[in-house]
Every structure is written in C-alpha cells, then in structure tokens.
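Every number here is computed from the coordinates shown, using simple stated rules; none is lab data. As the structure is a prediction and not an experimental result, all values here were calculated from the model. Virtual Cβ from ideal backbone geometry, glycine too; neighbours counted across all protein chains shown.
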C-alpha cells in the first residue's frame, strides 16, 4: 500500500523571454536535472498563490500569472529516479507567467536557494537536456500554441455558511 506522502501537488510556471525558457536545475544530486520553476502547494493555499510564492522564493522578484496551461500527472519508479526520496507520484498545475521587470535571458539570475540554480535555456534545446517530468518537453510547445482561456478555477472557502 502506498503511503499518502508519496503524492505531491505542485504549481509550476512556464516563463519565456526571447525564445528562452526559465528552468531550475537541481544541485548536488547524483544525476542533476532541470524542472519548471515553482513548487509544492501548501495546505489551504491556491495553486496560483503557491506559484507566486515559490517564484518569489526561487527567482527573487514578482510575476503575474497570465493563463493556466494544463496539468501533468507523473509517476516514476524510485529505484530508477534518484531524486524520488520524497515522492513517487505528482500532479503539477502549469501556468504561463510574466514579470513586469525587464528580464534579459542572456544574464544569469542570482541563486537564491542552495539546492537549485536557475538557467535560461533556448526553447529549441529542450530535447538536449534532462527536463522532468519528461512529457513537459512535448507539452509546452503545444500549450503555447493553443488559444487557451483560463480554464482553472479554485474556490477557497473563507467563511462558514448555514443550510436551511
């Protein structure tokens, strides 16, 4: 039986500037890999709020979420994937985000967390890197070419109500 802690729910961002995508890279693992910036959604936190918090922590400045792109469900074998010490199944809500601050993808961003680095990677080089979860490589170009409306809604109940 799988422990409930093996499932993680995350919120991630697709941030593109001048045909480069902002990615995070693990530091200090046996097999370092790239992933979309963002992270875990805390209890009673919306996916949007979690993403804005995580981006501020990882990148150091504020972003605006422009649209919901999709959700990726991903499961992996902890015997094969070396980073699977904390979970083996994840749901990632993926949003497109932009900053009002001028970002130059030719300049590196300051490393704010000791276990990750941020890198600008040319979109046409995604197939050349270890980007996880793997389906993201094919999904990002498809999502960006779709005329999606914001399809994700969340209702955070903040008050009590009575039923007559």
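Thinking of segment 4-145 as a set of Cα atoms, what percent of all their pairs are more than 25 Å apart? Intermediate values should be presented prior to the final figure.
Numbers: 2144 of 10011 pairs.
When every Cα pair of segment 4-145 is considered, 21 percent fall beyond 25 Å.
Work out how much length residue 8 to residue 122 would gain on full extension: take 0.36 nm times their residue separation and subtract the Cα-Cα distance, in nm to one decimal.
38.2 nm
Would you list 11, 56, 46 from fewest to most Cβ contacts within 10 Å?
So the ranking, lowest neighbour count to highest, is 56, 46, 11.
Could you give the length gained on full extension between residue 43 and residue 66, defined as 0.36 nm per residue of separation minus the Cα-Cα distance, in nm? Walk me through the intermediate numbers first.
Details: separation 23, 0.36 × 23 = 8.28 nm, distance 2.34 nm.
Working it through step by step, the gained length comes to 5.9 nm.
Could you calculate the FRET efficiency of residue 107 with residue 74 from 1/(1 + (r/R0)^6), where r is the beta carbon distance between them and R0 is 35 Å, rounded to 0.05?
On the way: r = 31 Å, r/R0 = 0.89.
Taking R0 as 35 Å, the efficiency between residue 107 and residue 74 is 0.65.
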